[in-house]
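What follows is one structure encoded as structure tokens, with my remarks underneath.
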Amino acid sequence: MFPPFEEELAFSELKKLISQLNLGTIALNQISKPSQERNGNGIMLGAMIALDTQNNKKVLITVSGLGHKIDFNDERIFVQPIVDIKKINDALQKNDKEIHILTNTINKLKNENTDCKDLLKQRLTLCNESLLKVYELYSFCCSDGKTRSLLELCESAQQNYAKIDGTHSQKTTSLPPTGTGDCCAPKLLHYAYSNNLKPISMCEVFYKKNTVSNNKLLNEKYPPCDHRCSLILPGILGLRILYRDEHIIVVNKQSGLLSVPGRGPEKQDCIVNRVKNLFPNCIEQPAVHRLDMETSGILILAFTKEAHRILNKEFEDGVVEKKYCALLDGNLLAKNISKHGKMELYFRLDINNRPHQIWDKINGKKAITEWHIENVERYTTPNGITKNVTRVTFIPHTGRTHQLRLASADSHGFGIPIIGDTLYGNYIPGERLLLHATDITFTHPITMKKITIHCPAEF
């Protein structure tokens with residue numbers, strides 16, 4: 001994951017803490033039975049600098065896992081685990097004995113080279129049942145003030161579609177990895193939002209006295225982990241951050257969320273307002289381009305007026321390079337459409353049927369779209385129908401409203417809509433628009449360096 005907040009202020013606090021731990025003036029206390037597997041392997045330390053409602057600085061410190069704590073004799077706050085270890089042990093107790101018996105039997109059979117597949121399945125079922133009971137204990141206060149369960153956060157982060165043996169279908173829910181919710185970042189964020197604090201800096205380091213372990217570098221900054229934190233942090237923050245510095249932020253906009261606020265209170269939840277909520281120093285109008293509500297993928301916003309002005313000009317001048325992935329509802333190759341090409345279409349707003357766009361060669365705006373047909377594959381709809389679909393990479397050379405949806409669906413284009421298109425296609429309840437902004441290349445507005453962001457589609 002990309003670090004969601006500035007790291008240096010929190011990193012300074014961690015360096016101070018590590019110095020105190022090494023000198024012995026502060027102790028890292030073991031509060032649970034040491035794990036034989038992890039004993040001596042080191043630990044992640046996390047720090048957050050946050051502001052209260054009077055802009056007073058608060059220093060939050062935590063430790064990954066459940067087994068350690070630090071007692072401070074100053075104003076630093078130690079952030080406890082989300083769930084008390086006793087509650088976790090109580091949740092695990094029901095199946096614990098049977099799991100141990102199965103494990104001993106399985107090990108014995110393995111030594112005798114005897115098949116134990118059925119016993120392995122039994123043990124896995126019991127382990128998953130216990131893990132589910134543990135995860136049901138976890139909930140997190142999020143940036144919008146709402147509390148969400150760990151399983152709810154993980155479910156919303158899961159890909160909407162999975163590719164299995166060449167067939168696309170709705171993804172089934174699976175349990176997150178063991179330890180999800182016990183890393184430093186979710187603990188710090190939960191504490192901050194539970195106590196009406198605004199995070200301004202957050203950092204994690206790997207700590208173990210005078211050694212290197214598990215391929216982690218000592219006392220170096222680490223972002224939140226991809227394995228566990230990526231499942232819950234986007235839901236806690238309200239954003240999946242792909243890149244961020246003091247001038248700009250790049251996010252992966254989810255399908256179904258507005259890019260900018262609309263009219264009315266029901267249309268205020270959007271990427272712009274979520275960014276402004278997380279980063280209070282952001283300018284009032286940070287958006288430099290938009291994606292349709294139903295389209296997912298890369299969206300760039302500016303934190304400063306200067307960055308906004310320069311990025312706006314890049315988009316207006318057409319020098320920003322973009323790529324999209326789409327699944328079209330049919331077989332393009334069967335229509336004898338070439339695998340690669342470029343089309344010029346002309347559309348304008350249908351004033352009698354907003355926000356639809358209609359073909360108009362005379363008064364319409366020219367939309368130029370390059371395409372590459374990647375392959376024809378199988379797709380299963382939410383109601384169980386399996387059919388051929390075409391995966392297409394689109395490269396728009398203009399930025400017209402609904403340009404790619406029209407290039408797909410309109411008879412002057414391919415005549416085959418994108419799956420899940422509620423405006424120009426054959427929408428089936430439970431589907432989303434399978435259009436995703438996968439790549440963008442632009443010049444950074446301040447450093448003037450070329451930046452390329454890649455964000456693969458979730459289908």
Of all residues making up the range 276-307, the number that are without any contact (Cβ under 8 Å) to a residue 60 or more places away in the chain and either open to solvent by 10 Å² or more (accessible area, probe 1.4 Å) or not in a strand (DSSP E or B) (or both): 15
So Asn375, is it in a loop (DSSP other than H, G, I, E, B) and polar (S, T, N, Q): no
In the range 357-386, the residues that are among the hydroxyl-bearing types (Ser, Thr, Tyr) and closer than 26 Å to Gly430 by Cβ: Tyr379, Thr380, Thr381, Thr386
Matching option when the condition is assigned to a helix (DSSP H, G or I) and in contact with a Gly (Cβ under 9 Å, 6 or more places away or on another chain), among Cys154, Cys127: Cys154
Tally of residues being touching a helix residue (DSSP H, G or I) at 6+ places or on another chain (Cβ under 9 Å) and within 16 Å of Ile418 (Cβ to Cβ) across the range 334-374: 8
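Per-residue answers, yes or no, for (1) at pLDDT 95 or above; (2) within 25 Å of the chain's Cα centre (by Cα); (3) farther than 29 Å from Asn281 by Cβ:
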| site | (1), (2), (3) |
| --- | --- |
| Ile31 | no, no, yes |
| Asn41 | no, no, yes |
| Lys58 | yes, no, no |
| Val63 | yes, yes, yes |
| Ile99 | no, no, yes |
Every residue from the range 47-70 that is assigned to a loop (DSSP other than H, G, I, E, B), over 30 Å from Leu132 (Cβ atoms) and touching a strand residue (DSSP E or B) at 6+ places or on another chain (Cβ under 7 Å): Asp52
Extreme residue, farthest from Val376 (Cα to Cα), among residues of the range 395-437 that are in contact with a Pro (Cβ under 6 Å, 6 or more places away or on another chain) and in a helix (DSSP H, G or I): Gln403
First in the range 227-252 and within 14 Å of Ile440 (Cα to Cα), second anywhere and among the charged types (D, E, K, R), Cβ under 8 Å, 6 or more apart: Val250/Arg244; Val251/Arg240; Asn252/Arg240
Residues of the range 319-337 satisfying the condition of being open to solvent by less than 60 Å² (accessible area, probe 1.4 Å), farther than 18 Å from Ile453 by Cβ and not in a strand (DSSP E or B): Asp329, Gly330, Asn331, Leu332, Ile337
Extreme residue, surrounded by the fewest Cβ atoms within 10 Å (Cβ to Cβ), among residues of the range 66-90 that are in contact with an Asp or Glu (Cβ under 9 Å, 6 or more places away or on another chain) and at pLDDT below 95: Asn89
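The values are calculated or read from the model by the stated rules, or taken from the named source; none is laboratory data. On a predicted model such as this, the values are computed, not experimentally measured, just so you know. We place every Cβ from the backbone using ideal geometry, glycine too, and count neighbours over all the protein chains shown. Only protein heavy atoms, including side chains, enter the accessible area calculation; ligands, DNA and RNA are left aside. Shrake-Rupley method; radii C 1.70, N 1.55, O 1.52, S 1.80 Å.
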